[in-house]
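These notes are about the structure you will find just below.
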Amino acid sequence: MNSVKQKESFKSSMKRWYDYNKYSIPTIFTVIGSLIYTLFLDFRTNGFVFRSHISAINELTNKEVGFYLFALYIIALVQIFNSMSFSKKRSPMSLILFTVLNLFQGLFVFLYSNAFLYEAATRADYTLKNYSIMSMGIMAAGFVFYVIATLFAWVYVDWKYVKIED
């Protein structure tokens, strides 16, 4: 009997949470995607070395890949603030900006991953290391969260939005 009441309570509390926070869901997924992008930088501590993005791009002859990584991080920061603005207003212009920046984010993830694959295909002395593959996977996983955030933003946009002067 207590288990049934607990399940109902959990279900009703999740429904209440969703009703209250549904417009913040794009922000939540954007923050998760941005954290995935930024938490996996290279670092070294006593006896432990974590290699990812920086180690991977240092082995490439293509130096534009550093710009791609920089652009991914800058767009991620802009998207956090843009998603917060969208969750407050839900305006179509914020949605369009959100979508366009996510398209650029996807383009840079593609170019970033393609640089590694191109080097592996054209250079005989270069092979994809585990941290290079992990770096590409991290970028793809972060972008998946951005796509989910964009889909939720399209669901929650207020197409009848009218800007009211404060």
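No lab work stands behind these numbers, since they all come straight from the coordinates. Just so we're clear, the structure is a prediction, and the values are computed from it rather than from any experiment. Note: ideal-geometry Cβ built from the backbone for every residue, glycine included; neighbour counts use all protein chains shown.
A few notes on this one:
- Rounded to the nearest whole Hz, the Karplus-based 3J(HN,Hα) values (6.51 cos²θ - 1.76 cosθ + 1.60, θ = phi - 60°) of the stretch 9-16 follow the sequence 5, 5, 5, 5, 5, 5, 5, 4, with x at glycine and proline.
- Label-point gap, in nm, between R44 and E59 - each point 7 angstrom along Cα→Cβ: 1.6 nm
- Taking trypsin sites (Lys or Arg not before Pro) across the stretch 20-71, the ones in a DSSP loop with at most 15 further Cβ atoms lying within 10 angstrom of their Cβ are K63.
- The lysine pair tally for the chain, using Cα distances under 29 Å and a gap of 8 or more places or different chains, is 19.
- Each Lys and Arg Cβ is given +1 and each Asp and Glu Cβ -1; about its Cα centre, the stretch 1-157 then shows a dipole of about 800 debye.
- Cα gyration tensor shape for the chain, rounded if a/c is under 1.5, else prolate or oblate: oblate
- When you filter the trypsin sites (Lys or Arg not before Pro) in the stretch 77-166 for DSSP loop state and at most 15 other Cβ atoms inside 10 Å of their Cβ, you are left with R123, K129, K160, K163.
- Taking 7 Å steps out from each Cα toward its Cβ at K22 and L77 produces label points 3.5 nm apart.
- Residue-averaged [θ]222 nm for the chain, counting only DSSP H segments that reach four residues, each worth -39500 (n - 2.57): -26000 deg cm²/dmol
- The charge dipole of the stretch 89-166, taken about its Cα centre with unit charges on the Cβ atoms of Lys, Arg (+1), Asp and Glu (-1) only, comes to about 120 debye.
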